[in-house]
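**Q** Have a look at the structure that comes next, please.
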Amino acid sequence: MKEELPDTPAEQILETADATLLDIVDNLLNRGVMVNGELVLGVAKVDLVYLRLSLLLCAADRAFGAQGRD
Amino acid sequence: VIDVYAVLERPPRRDFRDDSVRFVKVGALAVACGDTERAPELSEATLRARDRLVRELAASCDAILPARFGSLVADEAELAEKLAPLSAELAKALDLVRGREQMTLRVFGSAVVAAPTRATTGTEYLAERARAATAARSVAEIAPLRARLAPLVFAERVERHEGIALRATVHHLVARGGSAAYLAAIPGTVEGFTLRASGPQPPYAFAPGVPA
């Protein structure tokens with residue numbers, strides 16, 4: 001039996017294994033014990049990750065719409 | 001330079017074997033960390049590797065508080081200095097997460113823009129501020145699920161979002177092994193809002209200093 005695959009990139013990221021990527025980015029960069037007041041990371045690279053995350057969520061907006069898809 | 005991975009109650013059980021990780025005793029805590037020469041590269045591969053490491057640590061102990069990625073200190077003295085002011089909060093948070101894990105629920109849907117209220121007195125202004133603060137900590141969208149989730153959820157952290165379809169991210173602390181029951185309790189939609197649940201994950205959102 002053929003498994004049904006998600007249709008759009010946003011669905012692919014929010015579903016199954018790639019939901020973990022969203023969680024990983026959100027958890028590791030946005031949460032957790034802050035030992036230092038500021039993190040020693042390249043600012044441009046952090047911005048890039050958040051830009052990708054924002055694009056992902058905007059894509060989810062278009063994919064799912066207000067009423068959901070169920 | 002020391003790269004801090006997580007704060008534990010004590011070093012993990014013997015089933016954790018990673019020679020790159022060492023445990024520094026800071027007061028009553030054991031801090032999992034590694035030695036490095038520079039800040040970790042920020043990439044999907046390094047984030048996934050760190051998440052994997054934290055999950056392995058979590059599987060080998062009862063209580064863990066992951067550190068934020070990129071938490072570096074110069075040496076053990078600085079580590080102790082930075083953590084000392086947090087020790088009471090860390091102990092309390094470790095109590096909370098002991099034997100538990102994090103589930104994440106994202107609520108999607110179009111925002112309903114409330115009509116702006118114009119306060120005419122100081123009392124009205126403060127009341128409006130209080131209402132806004134309460135709303136920022138609550139998730140009315142999942143109110144219909146509360147009774148179903150109550151037996152599964154021990155603590156909650158809420159992050160509200162504005163301007164995009166993601167209305168709120170809700171982190172729930174559930175008993176280890178309770179993720180299947182949690183996922184089964186979450187429908188795809190509730191009252192027109194789309195829900196996406198994921199997990200289990202180490203309890204990143206329940207560290208001290210993370211907004212509740």
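We did not get these values from a lab; they are worked out from the coordinates using the rules stated. Keep in mind the model is a prediction, meaning the values are calculated, not measured.
**Q** Go ahead and estimate [θ] at 222 nm for chain B from helices alone: -39,500 (n - 2.57) per DSSP H run with n ≥ 4, summed, over the residue count, rounded to 500.
**A** On the way: 6 runs with 62 residues, N = 212.
Using -39500 (n - 2.57) per qualifying helix, the result is -8500 deg cm²/dmol.
**Q** Another question about this same structure. Using the alpha-carbon atoms, what tilt in degrees (0 to 90, nearest 10) does helix B:87-97 show relative to the longest principal axis of chain B?
**A** Tilt of helix B:87-97: around 70 degrees.
**Q** With an 8 Å cut-off on Cα pairs and a minimum separation of 6 or more residues, tell me the relative contact order of chain B in percent. List each step's numbers first, then the result.
**A** On the way: 340 pairs, mean separation 52.2, N = 212.
Taking the mean separation of contacting Cα pairs over the length of chain B, I get 25 percent.
**Q** What percentage of all Cα-Cα pairs in the stretch B:7-77 are separated by more than 19 Å?
**A** On the way: 788 of 2485 pairs.
More than 19 Å apart: 32 percent of the Cα pairs in the stretch B:7-77.
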